[in-house]
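Okay, structure first, notes after.
All of the numbers you see were taken from the coordinates with simple rules; none came from a lab. Fair warning: this is a prediction, and the values are worked out from it, not measured in the lab. Backbone-built Cβ (ideal geometry, glycine too); neighbour counts: all protein chains shown.
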Ligand code: MF3
Ligand code: CO
């Protein structure tokens, strides 16, 4: 899990550098595919689901929350925020992480949304302790995000992860403390707040993948793969100061 997480982290570090005005989301996907290939890993998103997802990463701009499909016709521009969500497999295990990058100067409202989505993740992470319950994480994320007046997307959740990218249990970003699965030593799951500046409702795009805020307002997403150890939660996909 640590090796796959490290690979995922390196990809996000490179994508952060590459995400500048004029670059297409397809170019970002190419970078991810190249790094995975060089490392001898694979990209589990390619061909995943129905219709089969056609890329290694998801690139979701502004009002798109998740599952944006990389395209050479989608070009980053100043003021955009783009979420890159990366899953990488190495030696049979998975890393899954997402960051929302700011392209050039972005509005104050967008900047705060991005920062506070990360903050909500870390509030949840604090609760990822042996003996707590998944609902403790969910409630901490929700309390933080809604405290800022933001919406919490409910149609999508975090998830267990390991040899497959989606395993039990679900890790919702809303819920009651003290409820849900007990957190045990050795568990691995993704905590991933998906937060809207406006209302929490989302719509599915015509391509069968893209999930966007129904009101068209900006959204942000922050995700790490977390493993539960005796010393507390460990993020396999996080690099302090490098991939944020
Ligand atoms: N990375 C996403 C998650 O957090 C899943 C990607 S969907 C896929 O669960 F189609 F791209 F695989
Ligand atoms: Co992800």
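Can you sort 157, 237 by how many other beta carbons sit within 10 Å, fewest first?
Taking fewest neighbouring Cβ atoms as first place, the list is 157, 237.
Run the paramagnetic zone check for residue 48: 7 angstrom along Cα to Cβ, then residues of segment 215-232 with backbone nitrogen under 18 Å.
Only 221-227 fall inside the zone, counting backbone N under 18 Å.
Quick one: among 71, 138, 60, which has the greatest mean-square fluctuation in a GNM of the chain with alpha-carbon springs under 10 angstrom?
Of the options given, 71 has the highest mean-square fluctuation.
How much length would be gained if the chain were fully extended between residue 72 and residue 163, taking 0.36 nm per residue of separation minus their Cα-Cα distance, in nm to one decimal?
Taking 0.36 nm per residue and subtracting the Cα distance, the gain is 29.6 nm.
What ranking do 136, 30 get, fewest neighbouring Cβ atoms within 10 angstrom at the top?
The fewest-first ordering by Cβ neighbours comes to 30, 136.
Just subtract the alpha-carbon distance of residue 239 and residue 146 from 0.36 nm times their residue separation and send over the number in nm, one decimal.
30.8 nm
Give the order of 222, 148 when sorted by the count of other beta carbons within 10 angstrom, beginning with the fewest.
Ranking 222, 148 by Cβ neighbours within 10 Å, fewest first, gives 148, 222.
Using a Förster radius of 25 Å, what is the FRET efficiency between residue 105 and residue 201 based on their Cβ-Cβ separation? Nearest 0.05, please.
With a Förster radius of 25 Å, E is 0.30.
Report the rotationally averaged projected area of segment 2-235 based on its alpha-carbon convex hull, in square nanometres.
The Cα convex hull of segment 2-235, projected and averaged over all directions, gives 11.5 nm².
When the chain is treated as a GNM, springs tying every alpha-carbon pair under 10 Å, which of 208, 180, 95 comes out with the largest mean-square fluctuation?
208
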